[in-house]
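Laboratory data are not the source of any read-out in this text; all were calculated from the coordinates shown. Note that the coordinates shown come from a computational prediction; the quantities given were computed from them, not determined experimentally. In this analysis, Cβ positions are derived from the backbone assuming ideal geometry, glycine residues included, and neighbour counts consider all displayed protein chains.
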Amino acid sequence: MRTQKTTVRHARGIVVGCADAGKTTLLYSLMGKRLEEMKKIKSTRGLQVYEHIFSVKDESLIATENLSRNPLIRVPKSSLTVKNDLIEDSPQDMAVNTENETGELGVGKEGTVKPPVNPPYISEDRSNSVSSNALVAGTLSPEVIEKILDAQENEISVSMIDFAGQFAYYACHQIYMRSDAFYILVLDMTKNFEDVSGNQEQQPRSVFSTWTYKRYIEFWLDSIKLFSGPEAPVLIVITHAEGKTEDDIEKFFEGLWRLLPREDRLWLSEFSSKEEDEFAFGLIEMNEKEKLQDLQSLKNAIVDIVSDKLNTKIPVPSSWALLEHLLKDTGKPIISFDEIQELNKKLPEEYRLESNKEVPHFLSFFHSHGLFLYFHGEATRTHVILGIQWFSNAFSKLIADKKHINKDCRRQHLEEWEHFNQTGELYSTLVDALWKDEKSDIHNTVSFIRYKNELMAYMERLRMLVTIGDIDNATSWYVPCMNKKEFDQNIIKPNSEGSSILCFRFISFAMFVFYRLVAYCMSSLKWNVASDEDGKCLFQTAAVFEYKNHTVMLRIFNKDIQLQVIVEPSSLVIDTDVSCEIGSLIHNALNELTKIFSEKTNGGFQRGYKCQEMSFIPEEELCRLNNDIQCPCCPLGRKHPVDVYETRRFWEKMRTSDFCFAMASVADLSDRSRFAKLGMATNDVLSQACRDILELEIHPSHIFNKVKASPVFKRMRPEQEHLLLDSKNSGYQNFDISLTYTLIRNVCSKIPKPSKGKWGEEPETGDITVGDDIERIRSIRNSLTAHVCSASTSQTEFDNTWLLISDICQRLETFLGKKYLDKIYFIQKLTLKEEDEDAIIEKVKEECEREKSQKDMLHSLLSDMQDIKMILKPEGKEAPNHDSYS
């Protein structure tokens, strides 16, 4: 243990979803809990941590029987050796096989490990021994050794976190989300996607009060992508399926896939090993036998993810197992760093961790696995949170709904609580009242008050709250997630001068990042909060600060955090040096706050600007544009000029001459970007629309036989024939516009034909049948391939084509009942990287080459047939029917 390393094999799963979806019930079912236990389940508050709840062994998910003392670090018995002179026979049938010359520990009855009775792990100094059950006559007990040693090697332990569905607790969830976790999203199939969720404990004035069930689904998926990366494993499980038919379940899944964008469907489909892996359960009403059978497919999917999708092999020093056990054996939810150092000193010197280096590294390792809370080199390092559940409970009690606070608090501190619930201002006396001792939870509540300073320090470090001052000689705090004050636009005085709006766009709803940013500005940046006659200018969706005689306004709108600098009428001039400094401070703050995000998300946000119509213009896009151009991100019909220099000058230190030179150097890149966007719209959206039209009449499993019975089959190229054969398994996903157009034209009979009555002719402006739009799609695609040599599109041509594409998508949305316009608008606003543009252009080139090859072959064939025709034609006579030969 002194010299070797052991491999920690651990995975973390997180269960998310709305309130009452059945998340805890699902976990209990996977654990094999009895029906009587599941009926007693109460709604989760905050989150519930289940450490090492499962193990993966022999490709099976096994519920752990004893959850109380399972260590993270276990040393494989086969790798641990001891000297023979240290081995003594145990009087309790735990003797080591002394014939083993290597000195490896033996295995006793029932496969248990036989540790030496007196291993030299703990100092013999009895007077300084820790008060712990781990010590037996100055040594670690045999039971401790058996827990540290891994008798079942190569098992992966799985811990689970059950997130509460009520929105009030979302503020504490993000600190537990990491890139090395997998997720189970639980959905209630009795909910309608478009209905307002009615999530339990909704506040009428909350931003969540109007959210639909669809919006919550998007929120959870976007949050996972933001905090864990775009490739995080996610399993979708629907519940409340009791009494539902297979058709009902299939219809729910179909509706779910319809509302998700294509990239999300592709992402989620990666984690179902089989086509039938769509998980639907009626958990409470099922008997044990049926439950085990139905849950097995879900267990198999979890095993596949834990075994193949996550990195569960992390080498650590074997000696760390000793200190981990001593910490767990204290039974404390929080411990001082000095106490940990004392525990470490109890180990003999050769097994002791280095105090100043290895102990912090050891604690940081457990922090990264979500089992401890510890920040090295900061004020909070004086104590370590060992009880993650305990810490979560402490915060949950502070932000609890009115019906969950204790009776004494409701009687004696109701006014304080109502003020807190409205403004987020939390007084010290209210903290004590919310954490006051109750018979139902005496251990935790007493501990909360005892460690009040340490708990509040950790919550402040995690930006869950921030100290705002002293009230009656006691500290008070601001808890952003509790603020329900509506923003009043009138706090901005008339005739004030405002900068352009700098914007940071996240891939997820950014409210909780906004909360942490406001706390950061107050604590780390020490910015003064502006005040008005109603108190501090802190609102649910905005915060106003004062900095160097400038007013700083931060606002949150959906996925955007917006920053604007304002000066009062007396000044009338914004100091651009100050505004640039403010922009840099906020940008750096967001980088620091998102360090816990996955490295795959590049910080989780994109920097840009708001135009006068409040469209988001990515910074890279604006930097490529000439001054006074039409806004590249507003939809057609709402175009307006953008003063590029005036937009950027508040946030970038630049001279007009530098700006003009920069614009001239990148102007030609815009033509290339426009061409790439047309390529995306054609290959991703219009091509998908054609596939959907084809599938409306002919199911993929029938297309091959349908085509084979048609004359058009003789014109199919080998690769097209292969696609037709493979469509039974892959559907139409690999069919391009050329192939789908050919099939719709020659095989489909129910699709409305072009207005002119036949295929192959360009439709007029007023022709709007489905057939007309199919012809337009073919024409757009041909026009794109014609421009492939230059790979550029002018602004005028782009605008005209984009308007045509938008009109087509709008009509096809009505005809097919599917969404295409959202994707078109997304592409229009997208900022493409150079490598992305290269990939799109290369794809268009490939299509062009394939088309050219086909045309060359056709021309050659027609030339040969013309020669045959001339040979067969009788000399000196007309043969009116000879065209049939060609």
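List of remarks:
- Here the Karplus relation 6.51 cos²θ - 1.76 cosθ + 1.60, evaluated at θ = phi - 60°, turns the backbone of the stretch 15-23 into coupling constants of 9, 10, x, 5, 4, 6, 6, x, 5 Hz, with x for every Gly and Pro.
- Separation between Cα centres of the stretch 725-755 and the stretch 389-421, rounded to whole Å: 61 Å
- Local charge for Ile768 was computed over the other residues whose Cβ lies under 12 Å away, with Lys and Arg +1 and Asp and Glu -1, and equals -4.
- Amide H contacts of His699 (H built 1.01 Å from N, under 5 Å, at least 5 apart or other chain): none
- Note on the stretch 402-559: percent of Cα-Cα distances in each 10 Å bin, starting at 0 and stopping at the bin with the largest distance, equals 10, 35, 33, 16, 5, 1.
- Neighbour net charge for Glu194 - beta-carbon separation under 11 angstrom, K R +1, D E -1: +2
- With the alpha-carbon atoms of the stretch 281-404 aligned to their principal axes, the span from lowest to highest coordinate is 56, 44, 24 Å, starting with the largest.
- For Ile14, residues with placed amide H under 5 Å, excluding near neighbours: Ile161, Phe182, Tyr183, Ile184
- Karplus-derived 3J(HN,Hα), 6.51/-1.76/1.60, for each residue of the stretch 355-371, Hz, glycine and proline x: 4, 8, 10, 6, 4, x, 5, 4, 5, 5, 4, 5, 4, 5, 8, x, 9
- Relative packing of 540-551, 18-29, which averages over residues the other C-beta atoms within 10 Å, highest first: 18-29, 540-551
- In this calculation the C-beta distance from Arg450 to Lys756 is compared with R0 = 60 Å, giving a FRET efficiency of 0.10.
- Residues with amide H under 5 Å from that of Leu830, placed H, sequence gap 5 or more: none
- The string of couplings for the stretch 564-569 from the Karplus curve (6.51, -1.76, 1.60, θ = phi - 60°) is 9, 10, 10, 10, 6, x Hz, one whole number per residue in order, with x for Gly and Pro.
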